[in-house]
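**Student:** Before I ask anything, let me first share the structure, which is written out below as structure tokens.
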Amino acid sequence: MFNWNLYVISAEKFSRGRGTYNVMEEAIEGGAEVIQLREKEMTAREMVALGKRLRILASKKGAAFLVNDRVDVAVAVNADGAHVGQEDLPIKEARKILGPKKILGVSARNIEEAVKAEEEGADYIGLGPIFPTSSKHDAAPPLGLEILTAVRRQVKIPLVAIGGLNKDNAAVVIKAGADCLAVISAVVGAPNVRLAAEELKREILQTKESLHKI
């Protein structure tokens, strides 16, 4: 299930008027293995309409498609899975709705939340924010690399780092223990989405390759 390196999250407000569908298409072309529909201002109907298109796009391109928060929308559009936060549906309830074969990611802000998520059946942890971020107006204080490494030592499931990540700090985040980097503005808000994704993916892969040689 998990061979992700680059995980791109949608954000209409950062897309420079290009539209979420077009931006996600460019992100996948640039190397994103997973895209997530995260649009807080959209109605359920709008999310379902867009989600159906993104699911088809991701399937054709060999990428995974997840829906943020809205497990019902994920089921409605037959997404590959969903991602829930600490204030969303409990993990066990989300799993009942999604079913056993779908991907379920869970946000965590500390070791305790990460360990609990693993124990309750999450497929991966979305840990962050690692660094300061402007993508979320209510973002928690940055965790830093030490917490990332500490969580890596405590959980066996994959860690997807998020929060203030870009090609300039990707290497240190991978070295600290992240399996995958999730980004919003670094790709969605870039002047050239495809190029931004390509550069970030290249940095991630090069870092992993260098670690394997050690």
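**Student:** Kindly provide the set of residues from the stretch 92-102 that are buried (at least 19 other Cβ atoms within 10 Å of the Cβ) and either on the phi > 0 side of the Ramachandran plot or among the hydrophobic types (A, V, I, L, M, F, W, C) (or both), ordered by number.
**Tutor:** Matches in the stretch 92-102: ALA94, LEU98.
**Student:** Right, something else. Within the stretch 65-114, count every residue that is β-branched (Val, Ile, Thr) and under 30 Å from GLU146 (Cβ atoms).
**Tutor:** First pass over the stretch 65-114, keeping only residues β-branched (Val, Ile, Thr): 67, 71, 73, 75, 77, 84, 91, 97, 103, 106, 111.
Right, trim to under 30 Å from GLU146 (Cβ atoms) and you get 84, 91, 103, 106, 111.
Counting residues in the stretch 65-114 that are β-branched (Val, Ile, Thr) and under 30 Å from GLU146 (Cβ atoms) gives 5.
**Student:** What residue, of GLY105, GLY85, is in contact with a His (Cβ under 6 Å, 6 or more places away or on another chain) and more than 22 Å from ASN22 (Cα to Cα)? Walk me through how you get there before you give the answer.
**Tutor:** Numbers: GLY85 fails: in contact with a His (Cβ under 6 Å, 6 or more places away or on another chain).
That would be GLY105, the only listed residue that is in contact with a His (Cβ under 6 Å, 6 or more places away or on another chain) and more than 22 Å from ASN22 (Cα to Cα).
**Student:** Determine, yes or no, whether LEU205 is assigned to a helix (DSSP H, G or I), over 14 Å from the mean Cα position of the chain (by Cα) and at pLDDT below 95.
**Tutor:** Values: assigned to a helix (DSSP H, G or I): yes; over 14 Å from the mean Cα position of the chain (by Cα): yes; at pLDDT below 95: no.
No; evaluated as a whole, the condition is false for this residue.
**Student:** Just checking, how many residues over the stretch 78-134 are part of a loop (DSSP other than H, G, I, E, B) and among the β-branched types (Val, Ile, Thr)? Walk me through how you get there before you give the answer.
**Tutor:** Within the stretch 78-134, the first condition is being part of a loop (DSSP other than H, G, I, E, B), and the residues that meet it are 78-80, 85-90, 99-102, 109-110, 120-123, 128-134.
So of that shortlist, the ones also among the β-branched types (Val, Ile, Thr) come out as 130, 133.
The qualifying residues number 2.
**Student:** Residues that are touching a residue at least 12 places away in the same chain (Cβ under 8 Å), of a type in the set (A, V, I, L, M), surrounded by 14 or more Cβ atoms within 10 Å (Cβ to Cβ) and not in a helix (DSSP H, G or I): does the stretch 164-180 have at least one?
**Tutor:** Yes.
**Student:** Among ALA49, ALA27, which is over 15 Å from the mean Cα position of the chain (by Cα), aliphatic (A, V, I, L, M) and in a helix (DSSP H, G or I)? Outline the logic, then answer.
**Tutor:** On the way: ALA27 fails: over 15 Å from the mean Cα position of the chain (by Cα).
Result: ALA49 is the single residue among ALA49, ALA27 that is over 15 Å from the mean Cα position of the chain (by Cα), aliphatic (A, V, I, L, M) and in a helix (DSSP H, G or I).
**Student:** Determine, yes or no, whether GLU39 is among the acidic types (Asp, Glu), modelled with pLDDT under 95 and either out of contact with any Phe, Trp or Tyr (no Cβ under 9 Å at 6 or more places or on another chain) or surrounded by 19 or more Cβ atoms within 10 Å (Cβ to Cβ) (or both). Reasoning before the result, please.
**Tutor:** Details: among the acidic types (Asp, Glu): yes; modelled with pLDDT under 95: yes; either out of contact with any Phe, Trp or Tyr (no Cβ under 9 Å at 6 or more places or on another chain) or surrounded by 19 or more Cβ atoms within 10 Å (Cβ to Cβ) (or both): yes.
Judged against the criteria, GLU39 is a match.
The values are calculated or read from the model by the stated rules, or taken from the named source; none is laboratory data. Just so it is clear, the model here is predicted, and its values are computed rather than measured. As a convention, Cβ positions derive from the backbone with ideal geometry for all residues, glycine included, and neighbour counts pool all protein chains shown.
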